[in-house]
Amino acid sequence: MAQGIIKRYDFRKGFGFIADDKNGEDFFFHKSEWQGDGPIRKGIAVKFEVKDSDKGPQAESVIPLDGASSKPSSNKKPAAKPASLEARVASLESAVGTWKVLSFLALAGVIALVIEKFVL
C-alpha cells in the first residue's frame, strides 16, 4: 500500500487528490473509496491502493493512518459521530433560506402597516 497526504478535497463534489509520500505524484480519489469514519480533510495522512484508470492514477481503499476505520469495535458502543461538514453546510443553507423567508414576511408586514397608516 502506498502512503500519502490528502492534498485537496472538495466535499461538495465528493472527490480529492492525495500526494504520494515517495514521489509527490497526485492520485485522484472519490469519497466512496474513503474507509475512515471521520471527515475527509486536507492534510490527513492516509494509506491507499494504487490503480491506473483511463483518466490517470487513482487511489482506492483510502484509509486514514490514525487507525480510524469505518467498522466500530464489536465490544464497545459506538460514540455519537459529530455532524459532517456537508451536513453542517446543508443545515446552514437551510437556516439562511428560512431567514430570507422570515425577513420577507417581516418587510411585507411593515409595508402593510405603513400603507394602512397613510391610506386610512
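When DSSP beta bridges are restricted to pairs lying wholly in the chain, around 90% turn out antiparallel. I need the calculated FRET efficiency for the pair Q3 and A90, taking r as the beta carbon distance and R₀ as 25 Å, to the nearest 0.05. Once rounded, the FRET efficiency stands at 0.15.
So what is the calculated 222 nm ellipticity per residue for the chain, using -39500 (n - 2.57) for each DSSP H run with n of 4 or more, over all residues, to the nearest 500 deg cm²/dmol?
Value at 222 nm, helices only, nearest 500: -10500 deg cm²/dmol.
As an exercise, take the mean of 1/r over every pair of distinct alpha carbons in the chain, invert it, and state the Kirkwood radius in angstroms. After inverting the mean inverse Cα-Cα distance, the result is 17.7 Å. By the compact-protein rule of thumb, 2.2 N^0.38 Å, the alpha-carbon radius of gyration of region 2-64 corresponds to a ratio of 0.97.
Helix 85-119 against the longest principal axis of the chain: what's the angle in degrees, Cα atoms only, rounded to the nearest 10? Its long axis makes an angle of about 10 degrees. Each residue of region 14-23 was assigned a 3J(HN,Hα) from its phi angle through the Karplus expression (A = 6.51, B = -1.76, C = 1.60, θ = phi - 60°), giving x, 8, x, 9, 10, 8, 5, 5, 6, 10 Hz with x at Gly and Pro.
Quick note: the coordinates plus some simple rules give every number you see, no bench work behind them. Just so it is clear, the model here is predicted, and its values are computed rather than measured. We place every Cβ from the backbone using ideal geometry, glycine too, and count neighbours over all the protein chains shown.
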